[in-house]
Amino acid sequence: MTTKSGYRFKLGMFLNELRLPFDEALRTAKEIGAEYVWFSNVPGEPDIADMSDAEVDRVGERVAEHGLKILMVSAGNPFKQIHLTDIDADNPGANEEYARDLAALARSMEAANRLGVSAVLSYTFAWPGEYSAGKPTWPMRWLTRGGVISDGDMDKLESAFAPVVKAADEHDVDVTLSMMPWNYTNTTGNFRRVAERIGSPRIRVMWGPADNMNCGESDVAGGGFINVRPYLHSLHIKDLRVNDGMRLDFDYKPVGEGDVDFPTALRGLRDNDADAALSVATHFRPASGSSVEAMRINYDNIRALISRVEGEE
């Protein structure tokens, strides 16, 4: 969508949210209005990291046949469920899960080259206990507006991403970091600290304002945008309402009906001519339970918010 000022909002979609077979999902994404799509897997087919070159090429052909473009390549969910406590700063490769995910990331870079895609996706390791019982560090992280990354943990993150950025340089692709609430780049402040410590121009971010808010970050759309602006690749578009942040009590909502200040975020993108796609997700479910209906609602709502911002010009 192009505003009166000439700025064009690029609309994308996280295809997994539709919960449809791949080609049906592509048709639906195009019909709803997506220009870009991305996905962590292709239903019924090997993981992207395990695909042959011919299989990768065919995925690209199928996306193109529907008049769509691939936003970035994601070989599953690398580093998403590895606890940073299990990583040795001096030898991260000793962790078998890390070694497996690093190999998947490298393969995703090869796939991105074949597909003519400029970025791959990575996650940034889990806070202590996130995938065990009770999420023990959550109250601390909420009270500190995202959590305090210790010097030792920052050493581990720098060490773990050193081979990632080396591979990214070799393959000439960027590495887009996710902002999962359970991972270390859960807020814009923590992302900025990690990105500056890694120190590579290859590091980008998929900004997730809803996830930032769910971690207790304040002024997400204003100050948060300033933090991520130099690194922006895309936005993860969903909405939620925080009921009791200390107890991780929240509800997903249609875009524009939760706590996220989307108009301010959209103005920031427009006023700074940010080259970032809006990757629309859902997470909430309408009364019908339909994932496709949820996506249509969020697309209608983000378009209405863009039109509202356009009307202010």
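Can you name the residue in region 270-312 that is surrounded by 20 or more Cβ atoms within 10 Å (Cβ to Cβ) and touching a Pro at 6+ places or on another chain (Cβ under 7 Å) and is also nearest to Pro254 (Cα to Cα) among such residues?
The selected residue is Asn298.
Mind listing whichever residues of region 82-99 are among the hydrophobic types (A, V, I, L, M, F, W, C) and either buried (at least 21 other Cβ atoms within 10 Å of the Cβ) or in a helix (DSSP H, G or I) (or both)?
Filtering region 82-99 down to residues among the hydrophobic types (A, V, I, L, M, F, W, C) leaves 82, 84, 87, 89, 94, 99.
Selection gives Ile82, Leu84, Ile87, Ala94, Ala99.
Looking only at residues that are aromatic (Phe, Trp, Tyr) and crowded, with 24+ Cβ neighbours inside 10 Å in region 161-217, which one is nearest to His236 (Cα to Cα)?
At the first step, the residues of region 161-217 found to be aromatic (Phe, Trp, Tyr) are 161, 182, 184, 191, 207.
Remaining after also requiring crowded, with 24+ Cβ neighbours inside 10 Å: 161, 184, 191, 207.
Values: Phe161: 22, Tyr184: 17, Phe191: 15, Trp207: 6 Å.
Of everything passing the filter in region 161-217, Trp207 is nearest to His236 (Cα to Cα).
Filter region 8-21 down to residues that are over 20 Å from Met206 (Cβ atoms) and in contact with a helix residue (DSSP H, G or I) (Cβ under 7 Å, 6 or more places away or on another chain) and give me whichever is surrounded by the fewest Cβ atoms within 10 Å (Cβ to Cβ). Walk me through it before giving the result.
First pass over region 8-21, keeping only residues over 20 Å from Met206 (Cβ atoms): 19-21.
Checking which are in contact with a helix residue (DSSP H, G or I) (Cβ under 7 Å, 6 or more places away or on another chain) leaves us with 19-20.
On the way: Arg19: 13, Leu20: 17.
Ranking the qualifying residues of region 8-21, first place goes to Arg19.
Which ones in region 253-265 are more than 17 Å from the chain's Cα centre (by Cα) and either assigned to a strand (DSSP E or B) or of a type outside the set (Val, Ile, Thr) (or both)?
Lys253, Pro254, Gly256, Glu257, Gly258, Asp259, Asp261, Pro263
Can you pull out the residues in region 259-313 that are among the β-branched types (Val, Ile, Thr) and within 12 Å of Ile32 (Cβ to Cβ)? Walk me through it before giving the result.
So the first thing to find is which residues in region 259-313 are among the β-branched types (Val, Ile, Thr), and the list is 260, 264, 280, 282, 292, 297, 302, 306, 309.
Within region 259-313, Val280, Thr282, Val292, Ile297, Ile302 meet the criteria.
Can you list residue pairs whose Cβ atoms sit under 7 Å apart, with the first residue in region 5-27 being touching a residue at least 12 places away in the same chain (Cβ under 8 Å) and the second being among the aromatic types (Phe, Trp, Tyr) and in a loop (DSSP other than H, G, I, E, B)? Count only pairs 6 or more apart in sequence or on different chains.
Listed pairs, sorted by first residue: Leu15/Phe39; Asn16/Phe39.
Here are some residues: Gly146, Gly152, Gly134. Which one is in contact (Cβ under 8 Å) with a residue 40 or more places away in the chain, of a type in the set (Gly, Ala, Ser) and outside any helix (DSSP H, G or I)? Even if it seems obvious, please write down each step before you answer.
Numbers: Gly152 fails: outside any helix (DSSP H, G or I); Gly134 fails: in contact (Cβ under 8 Å) with a residue 40 or more places away in the chain.
Residue meeting the stated conditions: Gly146.
Computed from the coordinates by the stated procedures, all read-outs in this text should not be read as laboratory data. Because the structure is a prediction, the values reported are computed rather than measured. For neighbour counting, all protein chains shown are included, and Cβ atoms are generated from backbone atoms with ideal geometry for every residue, glycine included.
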